[in-house]
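One structure below.
The values are calculated or read from the model by the stated rules, or taken from the named source; none is laboratory data. It should be emphasised that the depicted structure is a prediction, and the values quoted were computed from it without experimental measurement. Every residue, glycine among them, receives a Cβ derived from its backbone with ideal geometry; neighbour counts consider all protein chains shown. The accessibility values were calculated without ligands, DNA or RNA, using every heavy atom of the protein model including side chains. Shrake-Rupley method; radii C 1.70, N 1.55, O 1.52, S 1.80 Å.
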Amino acid sequence: MASRRKNVTRAEESKDEKQEIQTIPRPNISRVKNKQIRSELYRKMKAEKRKEKLKEKKREKQEAEAMGEEAPPKKVPKTIESMRVFDETMVNTQDEEVMKDESQDEMSSYFNRKTTPKILLTTTDRPTTRTRKLCKELKKVIPNIEIYKRRALDLKKVIPQALAKDFTDILVINEDRKEPNGLVISHLPDGPTAHFKMSSVRLTTDIKKLGRVTDHHPEVMLNNFNTRLGHTVGRLLASLFPHDPEFQGRRVATFHNQRDFIFFRHHRYEFRNSKKVGLRELGPRFTLKLRSLQKGTFDSKYGEYEWIHKRHEMDTSRRKFFL
């Protein structure tokens, strides 16, 4: 009996010692003057924290499995997407009012197959090599596109000439400091006109392990264009491509909207076996951010703007306009 009591008291003493060790605060690493020792201590501290976090996750998982159906619901992590303010202008594509608006909007002739896309692509005056290369690569992505030199003409003067030659859309690539930095899309003849800021441009020469581009019409994927504004922009982007994609080419042009940034990617999917599919990037790639949406064709002076991005007023992490 005496030996058992001694063992119990020793176990209690060891537990008390462990608790005391846990309550002792960790030394302040910033006080260590030697940089090499300080960085080593910091690395060890991060490794210990990582181990503790993994142990805690493992323990919570075991408890949830033991409790079964009575387990508490999983915690939703606080991310930019989960904390976003709900937008009242979310669109249900099956809503009767939305379907009626779509049948009467400026892009309805394209979606009713009354018109075939024919795109005029131009640039600023005296474009640099990088902008010209981007135009040539966009010509491979979007069928029925023709590149014309600007020749110091105002865009308002280009529009009547484009209408006379039966073009359905005008694309203008702007540049600054020898880098493409803007894209204007004007749908003819009645608009709308969208002005995007362009960034993170990577041409095919900048991308590794590229695939070979074929002449097949690509499929178009539009992700997260769910609000009224996003729906209009998505329809405008979709109207640049032909109606019927050629699936045997396995080409996909993707416009993925996330936090009001539109990421463009061009891929070809490859069937590795009956279950796995791989993606091979074809290029180019870039990121767009909407600056303004104007009713009608381009008119910077007297045009009626449907939406304008207001700096500082709208640049918040919780409010989005496309999603």
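Return the calculated 222 nm mean residue ellipticity for the chain, to the nearest 500 deg cm²/dmol, obtained by summing -39500 (n - 2.57) across DSSP H runs with n ≥ 4 and dividing by the residue count.
For the chain, the value works out to -10500 deg cm²/dmol.
Compare TYR305, TYR42, TYR269, TYR110 by solvent-accessible area with a 1.4 Å probe and give them largest first, with all protein chains kept in place.
Descending accessible area places them as TYR42, TYR305, TYR269, TYR110.
Which cross-chain or sequence-distant (5 or more) residues have an amide H under 5 Å from the amide H of GLY182, H modelled 1.01 Å from N in plane?
When sequence neighbours closer than 5 places are left aside, the close amide H contacts are ASN174, MET198.
At 0.36 nm per residue, and after removing the present C-alpha to C-alpha distance, how many nm does the segment from ARG31 to THR128 gain when stretched out fully?
29.6 nm
What order, most packed first, do the peptides 258-265, 117-124 have when packing is the mean number of other Cβ atoms within 10 Å of each residue? Walk me through the numbers before you get to the answer.
Values: 258-265: 17.5, 117-124: 19.6.
Final packing ranking: 117-124, 258-265.
For a protection proxy built on the mean count of beta-carbon atoms within 10 angstrom, sort 287-297, 48-58 highest first, please.
Packing proxy ranking, top to bottom: 287-297, 48-58.
Quick one: if you stick a label point 7 Å off each Cα along the C-beta vector at THR93 and GLU270, how many nm between them?
For THR93 paired with GLU270, the spin-label model returns 3.0 nm.
For LYS46 and ILE80, compute 0.36 nm times the residue count separating them, minus their Cα-Cα distance, and round to one decimal in nm.
Net length gain for the segment: 9.7 nm.
Can you give me the angle between helix 228-238 and the longest principal axis of the chain, using Cα atoms only, in degrees from 0 to 90, rounded to the nearest 10?
Approximately 60 degrees, to the nearest 10.
For the chain, with the dipole built from +1 on Lys and Arg beta-carbon atoms and -1 on Asp and Glu ones, taken about the Cα centre, which of MET90, ALA238, TYR42 lies farthest toward the positive end?
TYR42
Tell me which lysines have Cα within less than 22 Å of LYS133's Cα, excluding those fewer than 8 residues away on the same chain?
LYS118, LYS149, LYS178, LYS197, LYS208, LYS209, LYS289
Angle, helix 129-141 long axis vs. longest principal axis of the chain, Cα atoms, 0 to 90°, nearest 10?
Approximately 90 degrees, to the nearest ten.
With contacts defined as alpha carbon pairs under 8 Å and 6 or more residues apart, what's the relative contact order of the stretch 181-323 in percent? Don't jump to the answer; show the numbers that get you there.
Numbers: 290 pairs, mean separation 44.9, N = 143.
Once divided by the residue count of the stretch 181-323, the mean separation gives 31 percent.
Where the convex hull is taken over the Cα atoms of the stretch 234-293, what is its projected area averaged over directions, in nm²?
That works out to 5.5 nm², a quarter of the Cα hull's surface.
One-quarter of the Cα convex hull surface for the stretch 147-201, in nm²?
Projected area, direction-averaged: 4.3 nm².
For the chain, calculate the relative contact order in percent as a whole number, restricting contacts to Cα pairs under 8 Å that are 6 or more residues apart.
This gives 17 percent for the chain.
Calculate, in nm to one decimal, what TYR305 and SER103 gain on full extension: separation in residues at 0.36 nm each, minus their alpha carbon distance.
70.6 nm
Hey, with R₀ at 30 Å, roughly what FRET efficiency would GLU146 and ASN223 work out to, going by the Cβ-Cβ distance, to 0.05?
In this case the efficiency is close to 0.55.
Charges only on Cβ, +1 for Lys and Arg, -1 for Asp and Glu: so what's the dipole of the stretch 165-323 about the Cα centre, in debye to the nearest 20?
940 debye
Roughly how big is the stretch 64-112's charge dipole about its Cα centre, with Cβ charges of +1 (Lys, Arg) and -1 (Asp, Glu), in debye to the nearest 20?
Result for the stretch 64-112 is approximately 440 debye, rounded to the nearest 20.
Using R₀ = 35 Å, calculate the FRET efficiency as 1/(1 + (r/R₀)^6) where r is the Cβ-Cβ separation of LEU203 and GLU246; round to 0.05.
Once the sixth-power term is evaluated, E becomes 0.90.
Compute the orientation-averaged projected area for the chain from the convex hull of its Cα atoms and round it to one decimal in nm².
Projected over every direction and averaged, the Cα hull of the chain covers 29.6 nm².
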